[in-house]
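One structure is given here, and the rest of the page talks about it.
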Amino acid sequence: IPNSISWWVVNASDRTIISYFLGSSLNGVYAISNKFPTILSSLLGIFNLSWSESSSLHINDKDREIFFSDVINDALKMFSSLCIGMIACMPFVFPLLINSKFNEAYVYIPILILSILFNVLICMYNGIYIGLKKTSKVSSITVIGAIVNIFINVIFINKIGLYAASISTLVSYFIMMIIRHFDIKKYIKIKLDYKIIFIICVLFSFTCVLYYKNDIILNIVNLIVAIIYAFIINMKLIKNVLVSLKNKFRK
């Protein structure tokens, strides 16, 4: 219950504070910028249901550290591809789906998408906590994230406007991710692939720079790079899916 309430604070406090300090019109702008990251968040929620069950089933395995590390690294690859791909698609999709009155929402989308990427690790670690039957850890860390979110919002909302809401979400997710990452090591040694993380950071930065330039040629280059990255980084997953489909049709 404390965890659910804290997540509600993290996700809903932005809109409440925006309405109070900036008005309902800007709250509408922020709601639009949140629509696209919410798609990724929904996919993550579906993935997390399966992961929570798997982590509970494998929590006592001898090779659990290898299993958890492999799944977490694969999840990072997959969701980083989705996040980078969504950012690369936005310059083409946004004008078609969103009324020009809400064009300001365009600038906040990458910040919120990055917070979803942090949330991937949060959810992965949450699954391990559930397997370890240490759900109190989940609640206490989420409470910290909720407090940070409200604090940044209230302090900066009148100074930098809607950026305060998106940045507060990003920072609160980042802090929760970092705390969970180091705390989980007390129980299980998770080995993240830092080479992959470095590549994700570089490509995410590259994608965001081209996104904000919003030039048609650069947008096309951005989309091509995102597609190539998705295929290369997820090659193992794609092969496994193709093999599974092939075996299924053979039967």
Rounded to the nearest percent, how much of the accessible area of the range 102-166 (1.4 Å probe, protein heavy atoms only) is carbon and sulfur? 71 percent
Kindly state, to the nearest 0.05, the FRET efficiency for LYS246 paired with TRP8, given R0 = 45 Å and r defined as their beta-carbon distance. 0.55
Classify the range 19-166 as rounded, prolate or oblate, taking a ≥ b ≥ c as the square roots of the eigenvalues of its Cα gyration tensor: rounded when a/c is under 1.5, otherwise prolate if a/b is larger than b/c and oblate if not. oblate
Relative contact order of the chain (C-alpha contacts under 8 Å, at least 6 apart) in percent is 32 percent
GNM result for the chain, Cα springs below 10 Å: residue of TYR212, TYR129, TYR163 fluctuating most strongly: TYR212
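What does the charge dipole of the range 140-245 about its Cα centre add up to, to the nearest 20 debye, if the Cβ of each Lys and Arg holds +1 and the Cβ of each Asp and Glu holds -1?
My answer is approximately 420 debye.
List every DSSP H helix in the chain whose Cα atoms extend 24 Å or more along the helix's own long axis and whose mean Kyte-Doolittle hydropathy is at least 1.0.
On the way: long enough: 2-21 (27 Å, 0.14); 24-58 (48 Å, 0.39); 64-97 (46 Å, 1.22); 109-131 (33 Å, 1.97); 135-160 (37 Å, 1.45); 162-184 (33 Å, 1.32); 194-213 (29 Å, 1.71); 216-233 (25 Å, 2.78).
Flagged H segments are 64-97, 109-131, 135-160, 162-184, 194-213, 216-233.
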Neighbour cut-off at most 13 other Cβ (10 Å), DSSP loop, trypsin sites (Lys or Arg not before Pro), the range 39-101: LYS62
Inter-centroid distance (Cα atoms) of the range 82-99 relative to the range 207-231, Å: 11 Å
Looks like the range 123-221, by Cα gyration tensor root eigenvalues a ≥ b ≥ c and the a/c under 1.5 rounded cutoff (else prolate when a/b is bigger than b/c, oblate otherwise), is oblate
Please find, in a Gaussian network model of the chain (springs between Cα atoms separated by less than 10 Å), the residue of ALA12, ALA88, ALA75 whose mean-square fluctuation is greatest. ALA12
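Excluding ILE167 itself, calculate the net charge of residues whose Cβ lies under 13 Å from the Cβ of ILE167, where each Lys or Arg counts +1 and each Asp or Glu counts -1.
0
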Among rounded, prolate and oblate, which fits the range 177-251 when a ≥ b ≥ c are the square roots of the eigenvalues of its C-alpha gyration tensor, a/c under 1.5 means rounded, and a/b larger than b/c means prolate? oblate
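Excluding SER139 itself, calculate the net charge of residues whose Cβ lies under 15 Å from the Cβ of SER139, where each Lys or Arg counts +1 and each Asp or Glu counts -1.
Neighbourhood net charge equals +3.
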Which whole-number value in Å² is the accessible area per residue of the chain, probe 1.4 Å? 53 Å²
Which length gain, in nm to one decimal place, applies between ILE39 and ARG15 when the Cα-Cα distance is subtracted from 0.36 nm times their residue separation? 6.8 nm
For the chain, the Kirkwood Rh over every pair of distinct alpha carbons, in Å, works out to 19.4 Å
Per the helix-only calculation at 222 nm, which mean residue ellipticity applies to the chain, given -39500 (n - 2.57) for every DSSP H run of n ≥ 4 and division by its residues, nearest 500 deg cm²/dmol? -30000 deg cm²/dmol
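The values are calculated or read from the model by the stated rules, or taken from the named source; none is laboratory data. Quick caveat, the model's predicted, so the values are computed rather than measured. Quick reminder, even Gly has a Cβ in these numbers, built from the backbone with ideal geometry, and neighbours come from all protein chains shown. Remember, those area values only see protein heavy atoms, side chains included, never the ligands or the DNA or RNA. Shrake-Rupley method; radii C 1.70, N 1.55, O 1.52, S 1.80 Å.
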